[in-house]
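Okay, structure first, notes after.
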Amino acid sequence: MSETVLSEGRDPQQASTDNRRWRALFFISLAQLMVALDATIVNIALPSAQHDLGISDANRQWVITAYGLAFGGLLLFGGRVADLWGRKRAFAIGLTGFALASAVGGAAQNEATLLGARALQGVFGALLAPAALSLLAVMFTDAKERAKAFGIYGAITGGGGAVGLILGGVLTEYLNWRYTFFVNVPFAIVAALGAIMVIREPAEGRNRSPLDIPGAVLATLGLVSLVYGFARAESSGWSDATTIGLFVAAVVLLVAFAVTEAKVKAPLLPLRVVTDRNRGGVFLSLGLAVIGLFGLFLFLTFYLQIVRGYSPVKTGFAFLPSIVGIAVGSTQIGARLMPRLAPRLVMGPAFLLSAIGMLLLTWMTVDSSYAGLLLPGSLLVGLGIGTAFTPAIVLATHGVEARDAGVASAMANVSQQLGGAIGTALLNTIAASATASYLVAHAATSGSARQLLQSEGLVHGYVSGIWAAFGILAAASVVAFIFINLPRLDAGAPEASGSTEGEADAGASDDLHVPVIAD
């Protein structure tokens with residue numbers, strides 16, 4: 001891969017820097033794959049873990065929620081810590097901590113240990129994820145190289161959840177649920193060792209301003225309240241008093257956070273990062289797209305296992321078309337189109353393509369053909385999401401000062417995390433309500449047809465949720481067209497990330513500026 005970025009005119013120092021960057025991309029991508037896998041791999045293993053450890057049905061959701069709360073709540077803080085400590089150091093610490101927490105989770109002998117391990121995974125994941133993305137932002141400054149690097153990163157981010165379903169099914173069925181935790185350890189060890197050996201980051205990119213403690217507390221509490229509110233809504237309903245209280249608290253805390261950030265000298269999240277029209281459009285469209293993608297994973301998993309009786313392994317492999325679509329879209333379409341077209345002309349049609357794929361899935365019935373309907377639908381969803389992810393991830397950090405790369409990267413992760421939390425709660429609620437209404441309307445059905453009725457009711461609910469996901473993906477397309485107005489990001493365009501103004505101007509030439517490197 002490194003050969004593609006070398007030219008005869010580069011001096012040996014430049015060639016060495018190029019080679020090192022592409023090797024670093026491998027280890028960063030490996031770490032991101034581990035984090036992306038963890039979003040879904042445990043879901044498949046959850047029933048087995050629940051049985052072995054005697055976890056009640058009421059507490060089962062906390063195996064998922066504990067991770068989501070810690071991860072989503074601490075992302076902004078983790079991004080700021082990466083800017084302060086240095087991304088390489090934060091990356092290595094995040095990997096080490098994630099590996100240790102995974103080992104504890106795999107060896108857990110009781111419910112409390114498992115839940116504690118999941119929370120710790122979320123804590124270290126919140127440090128690791130923004131550090132990984134911001135490392136790419138400050139290391140790849142040439143537009144064509146950024147397109148390739150972020151295409152690979154986007155494919156892993158988008159496809160990791162589906163890969164987690166496959167891997168989780170294989171490990172649970174043929175080994176043991178504990179291996180869905182243990183599998184993270186070798187990933188983390190290899191990525192951490194590689195990071196220490198090859199990753200270098202620009203020395204001038206750190207933000208050594210003191211931590212904004214009030215902002216960190218308000219942001220963490222606000223995001224935790226918001227994520228937990230959606231998790232609570234899924235299990236207890238939207239009208240539950242605690243659910244409403246959590247949403248009210250989240251609004252109050254996040255408004256207080258915004259007011260604080262506008263006044264303090266060294267804010268946790270400089271408002272310039274989120275008030276930029278293009279980045280704001282990216283964060284919003286990315287969050288909406290993740291809701292749609294979770295709709296695909298959620299309802300196809302239920303449909304294939306509950307209605308069609310697929311095994312966990314067979315269900316996981318049924319997601320291969322979406323994984324292929326995401327990989328091809330990110331690395332072969334999005335990465336190639338981004339230097340040639342304005343970002344909105346890539347993202348808008350790509351999200352619309354995903355919406356069309358979701359629209360196909362609304363024709364689902366109890367006995368739908370996998371090859372005739374589910375395969376093309378999931379392939380189109382994956383292809384569209386993958387194509388849009390590459391410019392979206394690039395634009396999330398485009399033009400930010402190097403010292404803000406960590407928090408900008410964290411915001412990209414926050415939008416995806418909130419999209420996942422909202423998608424799971426909202427779409428599950430829509431599906432459950434539609435199923436209940438269908439069963440009530442057909443309550444007079446005779447006993448001999450009752451089993452078929454139950455399946456029809458479930459499919460009716462899934463289709464209702466898929467219709468909602470279709471509308472949300474269409475909305476993501478509209479947001480991309482309206483809000484994102486940057487021109488084409490060609491190879492000669494200066495990039496602010498990881499450079500000063502003078503360095504950006506110098507970067508417009510064919511020979512890349514080689515920044516000062518710090519371990």
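What follows draws every value from the coordinates through simple rules; no lab data is involved. Being a predicted model, the structure only gives us computed values, none of them experimental. Note that we place each Cβ from the backbone using ideal geometry, even for glycine, and neighbour counts take in every protein chain shown.
Taking a point 7 Å out from the Cα of Arg272 in the direction of its Cβ, the residues of the stretch 79-97 whose backbone N falls within less than 18 Å of it are 80, 83-84. Using a/c under 1.5 as the rounded threshold, could you call the stretch 149-244 rounded, prolate or oblate? The axes a ≥ b ≥ c are square roots of the C-alpha gyration tensor eigenvalues, and prolate needs a/b larger than b/c, oblate otherwise. Cα axes put the stretch 149-244 in the oblate bin. With a Förster radius of 56 Å applied to the C-beta separation of Asn110 and Thr362, the computed FRET efficiency comes to 0.80.
Residues whose amide H lies under 5 Å from that of Arg488, counting only those 5 or more places away or on a different chain, are Ala342; hydrogens are built 1.01 Å from N in the peptide plane. Taking other C-beta atoms within 10 angstrom as a stand-in for reagent exposure, Val366, Val440, Val198 fall in the order Val440, Val366, Val198, fewest first. Between Leu193 and Phe317, the contour length at 0.36 nm per residue exceeds the Cα-Cα span by 41.5 nm. A Förster radius of 45 Å combined with the Cβ-Cβ distance from Val217 to Ala443 puts the calculated FRET efficiency at roughly 0.30. Taking other residues whose beta carbon is less than 12 angstrom from the beta carbon of Phe483, and scoring Lys, Arg as +1 and Asp, Glu as -1, yields +2.
Computed as a quarter of the hull surface, the mean projected area of the alpha carbon convex hull for the stretch 93-178 stands at 6.5 nm². By the beta-carbon count within 10 Å of each Cβ, the least crowded to most crowded order of Trp467, Trp363, Trp177, fewest first, is Trp363, Trp467, Trp177.
In order along the stretch 222-229, the Karplus-derived 3J(HN,Hα) couplings, from 6.51 cos²θ - 1.76 cosθ + 1.60 at θ = phi - 60°, round to x, 5, 4, 4, 5, 5, 5, x Hz, and Gly and Pro are given as x.
With the simple spin-label model, which puts each label point 7 Å out from Cα in the Cβ direction, the Leu341 to Asn19 separation comes to 3.7 nm. Couplings for the stretch 230-236, taken from phi via the Karplus curve 6.51 cos²θ - 1.76 cosθ + 1.60 with θ = phi - 60°, read 5, 5, 5, 4, 5, 8, 10 Hz in order; Gly and Pro are left as x. Take the Cα of Leu375, step 7 Å toward its Cβ, do the same at Val252, and the gap between the two points is 5.5 nm. Cβ crowding within 10 Å, taken as a proxy for footprinting-reagent exposure, orders Phe247, Phe319, Phe297 from fewest neighbours to most as Phe247, Phe297, Phe319. Candidate cross-link partners of Lys148 among the lysines, defined by an alpha-carbon separation under 23 Å and a same-chain spacing of 8 or more, comprise Lys88.
Model label sites at Ser455 and Thr96, defined 7 Å from Cα along the beta-carbon direction, differ in position by 5.4 nm.
Per residue, the Cα convex hull of the stretch 212-267 amounts to 51 Å³.
Counting only the Cα atoms, the stretch 184-289 fills a convex hull of 186 Å³ per residue.
In order along the stretch 252-263, phi translates into HN-Hα couplings of 4, 5, 6, 5, 4, 4, 4, 5, 4, 5, 6, 10 Hz, rounded to whole numbers, per the Karplus curve 6.51 cos²θ - 1.76 cosθ + 1.60 with θ = phi - 60° and x for Gly and Pro.
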